[in-house]
C-alpha cells in the first residue's frame, strides 16, 4: 500500500509567463496529487506555493523534487521544500475582509492593525493593494475561528482606525459581500456637497435660523420631522423659481458621478432617498441617471412656498421603509443592499441595509454604521469596500 507525505513547495523569483505551467507540468507528469495552490505577484516578483502529497518511496519523491528544482531554476527562480501537516481547511464563515483607506497607508498603520488582529487570534491570509498608483487603499483577508471574538475585535479595530487616522471596514467575506445589487443614497452632504435647505435659506435671508435647526436635526438632538417643519416654515414666501435655480447649480460630491456610473454599469438599482426636497432630488436623479428619487415635496401656491410640506414626510423610519420597499420591488434581499448617508435621519436605512456606510457623518450615525468614511477622498471610495480594484474601475469606465 503506497503512502504519501505533504510537502509545501515555495517558488520565488522574477515573474514571467510559463513558470506556473512548467511547475504544474512536472507535478502532473509525475501523477502527484495537488492539494492546494496559491500565487501572488508583487511588483514583478512571484511567490508560488504548491501543496503536494508526495509518495514516500525515496526514488519517486527525490525525482519529483529534483525536476521541480530544475524547472524553477530554468526560469530564474529559487525553490524551498518543507514538510507540512497538509493544507488546513478554512471555513468561509471564518473569513473576514478588512478594508483600510487613508491618503497614504504607512507601515506603522499596518503594524498596529496586524498586532490587533493577532491579539484577538485572527490570522492574516492575504493583503492586497486596491488603489493605484499609491498605497491609499488595501484589503486584508483574515480568518477568525472564534466567532465570539468578532464583535470585540471589530470594535477594537475601529478604535485603532480612529486613533491612527485611517478609514476601516470589517465585513464577513463571502458571496453576499460581492453581490450587492441595490444602493440607496442620501442627497444633502452625501451625493451633493451642500444642504439644499441652507442654500434656500441664504436666498431668503434666514440662513442662521435654518442652519442651527439643521445642525441640531442632523446631530440627532432634535426630532427630525419637527425640525423639518420649523425650517420649511421659515421659507414661507420664497419664489419657487429660486428653488429651481438652486437645484440647477448643485455641487456634486467628488466621486459621486464615478460611483453611480460603476453601479449602473454593473446592473445595480440606484436611488436617492432624501429628507430634502423633490425639485433638487429630481435634478440629482436626472443628472446621475438614478432609477429612483424619493424626497419631501414643498407646498407651493401662486409660485411661492407656503411654508408647508406635503405628506408623507421622509423621516428616518420612512427612509428605511423606502429602502425595503424598493429592494422588495426588485426582488433583492436586504443583505444585498447598500445605504450611504451622513446624518441622523439616515439612521434607519443605514441599520437596515446589508452594508451601511456613514460618509463624513455625525457621531451617532458613525456608531450605527457598518463602516464610516471620514477622511479625505471621494465618494467613489465606497467601491473599495466591495473589493473593487482601482484598475478594474478605470477599465470599466474607460474601456478604451
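The values are calculated or read from the model by the stated rules, or taken from the named source; none is laboratory data. This is a predicted model, so every value here is computed, not measured. Heads up, the Cβs are rebuilt from the backbone with ideal geometry, glycines too, and the neighbour counts pull from every protein chain shown.
Close contacts from the stretch 131-156, counting a first residue that is closer than 21 Å to residue 121 by Cα and a second that is modelled with pLDDT under 90 and exposed (fewer than 11 other Cβ atoms within 10 Å of the Cβ), with Cβ to Cβ under 9 Å and a gap of 6+ residues or different chains, come to 143/91; 145/91. Look at the stretch 44-56: where a residue is outside the structural domain of residue 13 (by TED's automatic domain parsing) and closer than 17 Å to residue 26 by Cα, no partner that is in a loop (DSSP other than H, G, I, E, B) and modelled with pLDDT of 90 or more sits 6+ places away or on another chain with Cβ atoms under 8 Å.
Per this entry, residue 72 is counted among residues that are crowded, with 19+ Cβ neighbours inside 10 Å, at pLDDT 90 or above and in contact with a strand residue (DSSP E or B) (Cβ under 9 Å, 6 or more places away or on another chain).
Does the stretch 327-349 contain at least one residue that is within 19 Å of residue 271 (Cα to Cα), without any contact (Cβ under 8 Å) to a residue 12 or more places away in the chain and in a helix (DSSP H, G or I)? Quick ask: steps written out before the conclusion?
Residues of the stretch 327-349 within 19 Å of residue 271 (Cα to Cα): 327-349.
If we keep only those that are without any contact (Cβ under 8 Å) to a residue 12 or more places away in the chain as well, we get 328-329, 331.
Filter again for in a helix (DSSP H, G or I), leaving 328-329.
Yes; the residues of the stretch 327-349 include at least one that is within 19 Å of residue 271 (Cα to Cα), without any contact (Cβ under 8 Å) to a residue 12 or more places away in the chain and in a helix (DSSP H, G or I).
Being surrounded by 16 or more Cβ atoms within 10 Å (Cβ to Cβ), outside the structural domain of residue 291 (by TED's automatic domain parsing) and within 16 Å of the chain's Cα centre (by Cα) is a property that residue 153 lacks. If I filter the stretch 38-46 for residues that are modelled with pLDDT of 90 or more, closer than 27 Å to residue 143 by Cα and surrounded by 15 or more Cβ atoms within 10 Å (Cβ to Cβ), do I get at least one hit? Scanning the stretch 38-46, I find at least one residue that is modelled with pLDDT of 90 or more, closer than 27 Å to residue 143 by Cα and surrounded by 15 or more Cβ atoms within 10 Å (Cβ to Cβ), so the answer is yes.
Only residues that are free of Cβ contacts under 8 Å to residues at least 12 places away in the same chain and buried (at least 18 other Cβ atoms within 10 Å of the Cβ) were counted across the stretch 217-233, and they come to 1.
Yes/no per residue for (1) at pLDDT below 95; (2) surrounded by fewer than 20 Cβ atoms within 10 Å (Cβ to Cβ):
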| position | (1), (2) |
| --- | --- |
| 331 | no, yes |
| 341 | no, no |
| 345 | yes, no |
| 352 | no, yes |
| 368 | yes, yes |
| 371 | yes, no |
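Look at residue 65 and say whether it is over 28 Å from residue 127 (Cα atoms) and in a helix (DSSP H, G or I). So residue 65 fits the description; yes.
Taking the conditions exactly as written (surrounded by 18 or more Cβ atoms within 10 Å (Cβ to Cβ), touching a strand residue (DSSP E or B) at 6+ places or on another chain (Cβ under 9 Å), modelled with pLDDT of 95 or more and farther than 24 Å from residue 230 by Cβ), does residue 290 satisfy them or not? So residue 290 passes the test.
Scanning the stretch 156-170 for residues that are buried (at least 16 other Cβ atoms within 10 Å of the Cβ), under 18 Å from the mean Cα position of the chain (by Cα) and at pLDDT 90 or above gives 157, 161, 166, 167, 168, 169, 170.
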